[in-house]
1. Could you point to the residue in Ser201, Gly218, Ser44 farthest towards the positive end of the chain's charge dipole, with +1 and -1 charges on the Cβ of Lys/Arg and Asp/Glu respectively?
2. Treating the angle as unsigned and between 0 and 90°, give the value, to the nearest 10°, between the Cα long axis of helix 96-119 and the longest Cα principal axis of the chain.
3. Eigenvalues of the Cα gyration tensor times 5, then square-rooted: what semi-axes does that give for region 142-244, in whole angstrom, largest first?
4. For region 56-104, with only Lys/Arg (+1) and Asp/Glu (-1) charged at the beta-carbon, what is the dipole magnitude about the Cα centre, in debye rounded to 20?
5. To the nearest 10 degrees, how steep is helix 127-136 against the longest Cα principal axis of the chain, on a 0 to 90 scale?
6. Return the aspartates and glutamates within reach of Lys291: Cα separation strictly under 14 angstrom, same-chain partners fewer than 8 residues apart disregarded; answer none if there are no such residues.
7. So which aspartates and glutamates can Lys54 reach, going by Cα to Cα under 13 Å and dropping same-chain residues fewer than 8 places off?
8. What is the helix-to-structure angle for 283-300, meaning the angle in degrees between its Cα long axis and the longest Cα principal axis of the chain, kept from 0 to 90 and rounded to the nearest 10?
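Just so it is clear, none of the values below were taken in a lab; they were calculated from the coordinates. Keep in mind that what you see is a predicted model, and the values were worked out from it rather than measured. Note that we place each Cβ from the backbone using ideal geometry, even for glycine, and neighbour counts take in every protein chain shown.
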Amino acid sequence: MIKKFPVFFEIFFLLLLLGLGCEKLGKKEMGGKELIRINDVSISLEEFRQMSEKQPLEGKMRLLSEKGLRDFLENYVITREVLYQEAKKKGLDKNKEIMAKVEDFNRAMVIDALLEEVLRVKSEATDQEIQQYYKENQSLFIEPREIKIRHIFVTSESDLKEVLTKLSRGESFEKLASTYNVDKTREDGGNLGYIQRGQLSPSFAQFEEAAFSLKKKGDISEVVRSPYGYHIIRLEDTLGTSLRPFSQVKERIRLFLQAKKRQDAYLEYVKEAKAGAKILINEKLWAEEEKKERESGEEKK
């Protein structure tokens, strides 16, 4: 359902209609719901609303002012339509390569819609299933009670690239931390000491998850982004073991089970769909094609 704009915007649209009708659209009278006409193409107020509703949240925020709304009209809606008409004049809407890409895109969208409809219910994971998985796979959720870590912490992408390049060459993690770190750990080679689950602030949840996912001493994480910059973590030591509470891993298990159930349901549905379809393969033609591929590969060698 399309949400209605506030009264301010209704008035703005009315003024916009009158202004465009008088100043830009020539002598031909416009329909009452016609917002703009570009050559022979008419765009209604409702169509404009639908375009604005499809914008991402950041884009919608820009539409909350009269200037932002007008910019959207002129620099997106009108510009897009003018360029599309220019492309049609050149016959690009009938270009075979472009039409093939459009067809591929349409197929992908239709297939996605089909799978969403068919697999939505089958991929849901119940609380009972999640609890059962937790009980039967507790070894997966046992981790160190405490871990000792050090990190390399930078705030610019250029520094990050330099660090990654030097790490790939085998340069010392501690020395790089002492050179590049922008926090106090620079004085001790990035040493953060021992940490426990939940000790860090919520904004470092991804950092904590990456740190506790390291298994062996010396393991180095992928780049982790926090609100403050980029981190690369190395595991130094572990102390004791503990079982992560169900409440901490429930959503992770849910996502895992949903993905697994969706994949299983997808494979079963494809199997059934193929079984119900009449499929013929020209094996002779296929064999000839395979032969050409082999010969081409041998020539390249």
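1. Farthest along the dipole direction, towards plus: Ser44.
2. It is inclined by approximately 60 degrees.
3. 23, 15, 12
4. In total the dipole reaches around 120 debye.
5. 30
6. Straight-distance partners of Lys291: Glu283, Glu299.
7. Glu46
8. Computed tilt is about 60 degrees.
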